[in-house]
Amino acid sequence: MSLLLCALFAQGAAADTYRFATFNTELSRKGPGLLLRDIARGEDDQIAAVLAILAEADADVIALQGFDYDLTGAALALFAERAGYPFHFALRPNTGMATDLDMDGDGRLGGPRDAQGYGRFTGAGGMAVLSRFPILGDAVQDFSALLWEDVPGALLPEVNGTPFPSAAARAAQRLSTTGHWIVPVDLPAGQVSLMTFHASPPVFDGPEDRNGRRNHDEIRLWQMILDGEFGTAPTARFVLAGDANLDPEDGQGRKGAIRALLADPRLHATTPSGSSGTDTVDWRDPVPGDLRVSYVLPSTDLRVVDSGVMWPAPGTALADVAATASRHRLVWVDLAIPAPSE
């Protein structure tokens with residue numbers, strides 16, 4: 001055996017495998033405190049199904065979407081305990097954050113679309129991270145307060161050459177619908193940065209294409225961060241995981257941003273598959289139907305061992321559990337990460 005092969009074998013043998021995942025749980029409720037109530041009661045079929053999916057996936061680090069945020073973190077703490085994760089993290093999302101402005105141009109104030117991100121109450125449908133290993137909360141970078149108009153080349157909506165819906169709304173509008181976070185996790189193999197977000201769906205708007213433009217720029221922001229235009233970019237050992245709300249081929253939306261992200265040479269363009277191919281959501285109606293909207297994209301210095309979409313075969317017990325849990329399916333990637341050099 002050559003010295004090169006021996007070195008490669010030794011490196012592979014020293015690497016441990018870690019599973020990173022993302023899952024839009026759709027655990028948002030109709031009002032504040034209701035998710036905590038339902039978790040505490042332990043009688044909710046959807047929550048039980050989500051916990052079963054998490055147990056089956058057995059991820060080491062997982063980004064969650066569609067999970068209501070509360071100021072004390074009580075709901076997430078209890079959920080993490082039930083799920084068997086000793087470490088958890090969340091920040092206040094933009095969803096449900098009131099603006100006191102008409103943000104969607106319907107002429108009314110105080111609606112869910114007048115928040116920084118769609119939401120009927122503060123924290124509705126937020127994000128969270130669960131981990132088996134310590135989360136370095138003091139080192140988290142949060143880009144959620146970045147104003148949309150402050151993004152170079154932003155595709156800001158206009159009607160007849162004027163800001164939509166108003167100059168005041170443009171000046172107040174944050175880019176992130178939910179949030180953009182870089183969350184360092186202290187694995188036994190060393191630090192890995194989880195980059196996570198939940199973008200706006202590119203629909204539910206008018207000819208100004210406000211949501212489609214915002215979705216495009218939310219996805220594009222990650223490449224700008226990696227280019228060093230915002231914050232401190234991780235240069236190695238990172239995983240981008242979240243719900244981009246955009247399929248690179250099918251459905252509505254501006255495809256350029258997601259295609260560019262998947263083509264970025266700094267990322268593994270993993271294409272996990274399940275019984276429904278690479279699709280990650282079942283919106284059930286004929287239109288838009290099944291689409292690929294959730295992604296786990298590791299940096300290219302990490303070795304991908306395996307990947308998949310947790311979409312059980314139809315007719316199985318796990319398929320019924322998955323359907324009860326969420327319209328979305330959990331996406332996972334196994335990574336071989338060598339221990340730090342001594």
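Numbers at a glance
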read-out	value
When the stretch 17-336 is reduced to its Cα atoms, the Kirkwood hydrodynamic radius in Å	19.7 Å
Net lengthening on full extension, ARG82/ALA167 (0.36 nm per residue, minus Cα-Cα)	26.0 nm
Label-zone membership for the stretch 269-283, site ALA263, 7 angstrom Cα→C-beta point, backbone N under 16 Å	269-270
Net lengthening on full extension, SER275/ASP250 (0.36 nm per residue, minus Cα-Cα)	7.2 nm
Burial ordering of PHE79, PHE143, PHE204, fewest other beta-carbon atoms within 10 Å first	PHE204, PHE143, PHE79
Sorted by Cβ neighbour density within 10 Å, fewest at the top, the residues LYS30, LYS255	LYS30, LYS255
Shape call, the stretch 189-336: gyration tensor on alpha carbons, a/c limit 1.5	oblate
Neighbour-count order for MET97, MET195, fewest beta carbons within 10 angstrom listed first	MET97, MET195
Relative contact order of the chain, defined on C-alpha pairs under 8 angstrom at six or more residues apart (%)	20 percent
Sequence-distant residues sharing a close amide H with ARG174 (under 5 Å, placed H)	TRP148
³J(HN,Hα), Karplus 6.51/-1.76/1.60, whole Hz, each residue of the stretch 67-78, x for Gly, Pro	10, 4, 9, 10, 4, 8, x, 5, 5, 5, 4, 5
Residues with amide H under 5 Å from that of ASN245, placed H, sequence gap 5 or more	ALA199
Protection-proxy order for peptides 40-51, 243-254, 297-308, each taking the mean of Cβ atoms within 10 Å per residue, highest first	243-254, 297-308, 40-51
Linear extension gain, THR316 paired with VAL140, 0.36 nm per residue minus alpha-carbon span	59.4 nm
Rounded FRET efficiency, nearest 0.05, which uses the C-beta distance separating VAL159 from GLU229 and R0 of 30 Å	0.60
Cα-centred dipole magnitude for the stretch 17-336, charges only on beta-carbon of K, R (+1) and D, E (-1), debye, nearest 20	160 debye
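Values in this text are rule-based calculations from the coordinates and carry no lab data. Being a predicted model, the structure only gives us computed values, none of them experimental. Ideal geometry is used to build each Cβ from the backbone, glycine not excepted, and the neighbour counts take in all protein chains shown.
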